[in-house]
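The values are calculated or read from the model by the stated rules, or taken from the named source; none is laboratory data. Treat the numbers as computed from the prediction; the structure is a model and nothing was measured. Neighbour counts are summed over all protein chains in view; Cβ atoms, including those assigned to glycine, are modelled from backbone coordinates with ideal geometry. Protein only, heavy atoms only, side chains kept; ligands, DNA and RNA dropped before computing areas. Shrake-Rupley method; radii C 1.70, N 1.55, O 1.52, S 1.80 Å.
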Amino acid sequence: MRIFLVEDTHDVGEAISRRFHQTGHTVDWETDGVAASEILSFTEYDLVILDVMLPGVDGFSILRKLRQSGSGVPVLVLTARSEVDDRVSALDLGADDYLVKPFDFRELEARARVLLRRRSGGEPTNVIICGDISLDRTNRNVMVGKREIQLKRREIVLLEILASRPGKVFSKDELLDQLFGFEEAAGENAIELYIGRLRKKLEGARARIVTLRGSGYQLVSDDAA
Ligand code: CA
């Protein structure tokens, strides 16, 4: 999933970025409020993690503008312990959740998982199933039937995107957006490469990645037919 992190404290931002990156998410990290607000006006994310005290424009103003623009992207606000009213303000302005600093990264990850899950259609568990493929978002395990298959980080993310909406056609651009952040230059060839690898590893499963020439890819379950 694609996450936008707005945090001006460098070590905190770096730690959050690294943690989510390790679990296969794409993280765009911005430290300046003005720049962050602008990026949000033209980029779609699955989750925004937003610090309150920022240079330029504060987190509340960013959140207000975001909601006024009609965006329903889940927002998790990070507030400092001393800022008691902040939590109320954050929720009033349309934040989905907040976390008080300093926080445990495992808690941040758990809260983020809940919001990302809600975003992708609100499955009651952390396991996505398509055909006999199951993907456990908590421990990043992928099973085909009773067999665990070994996927690389980006292959898991790709499968997660496709399997979260079986039958939906994802264009190469959409997949590029979600798999790679701003910082990594990747072309459509990269998507073809990852699709090819993933397809090979899923051979024998009761779900297939279908290529629709000119429009994109979809995951189709044989059970649905
Ligand atoms: Ca700050």
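Checked against the criterion of being touching a helix residue (DSSP H, G or I) at 6+ places or on another chain (Cβ under 8 Å) and charged (D, E, K, R), the candidates Glu38, Glu44, Glu14 yield just one match: Glu44.
Considering only segment 175-184, I want to know if a residue exists there that is in a loop (DSSP other than H, G, I, E, B) and of a type in the set (A, V, I, L, M).
no
Hey, any hits in segment 128-151 for a residue that's open to solvent by less than 40 Å² (accessible area, probe 1.4 Å), assigned to a helix (DSSP H, G or I) and either in contact with an Asp or Glu (Cβ under 8 Å, 6 or more places away or on another chain) or modelled with pLDDT of 90 or more (or both)? No; the residues of segment 128-151 include none that is open to solvent by less than 40 Å² (accessible area, probe 1.4 Å), assigned to a helix (DSSP H, G or I) and either in contact with an Asp or Glu (Cβ under 8 Å, 6 or more places away or on another chain) or modelled with pLDDT of 90 or more (or both).
Taken over segment 19-33, the residue count meeting the criterion of being among the β-branched types (Val, Ile, Thr) and within 14 Å of the ligand (Cβ to nearest atom) is 1. Taken over segment 1-18, residues that are within 14 Å of the ligand (Cβ to nearest atom), in contact with a strand residue (DSSP E or B) (Cβ under 9 Å, 6 or more places away or on another chain) and open to solvent by 20 Å² or more (accessible area, probe 1.4 Å) amount to 4.
For the subset of segment 54-77 comprising residues that are assigned to a helix (DSSP H, G or I) and within 16 Å of the ligand (Cβ to nearest atom), which member is surrounded by the fewest Cβ atoms within 10 Å (Cβ to Cβ)?
Ranking the qualifying residues of segment 54-77, first place goes to Ser61.
Looking at segment 34-53, which of the residues that are touching a residue at least 24 places away in the same chain (Cβ under 8 Å), within 16 Å of the ligand (Cβ to nearest atom) and farther than 30 Å from Asn139 by Cα is surrounded by the fewest Cβ atoms within 10 Å (Cβ to Cβ)? Filtering first and then ranking leaves Met53.
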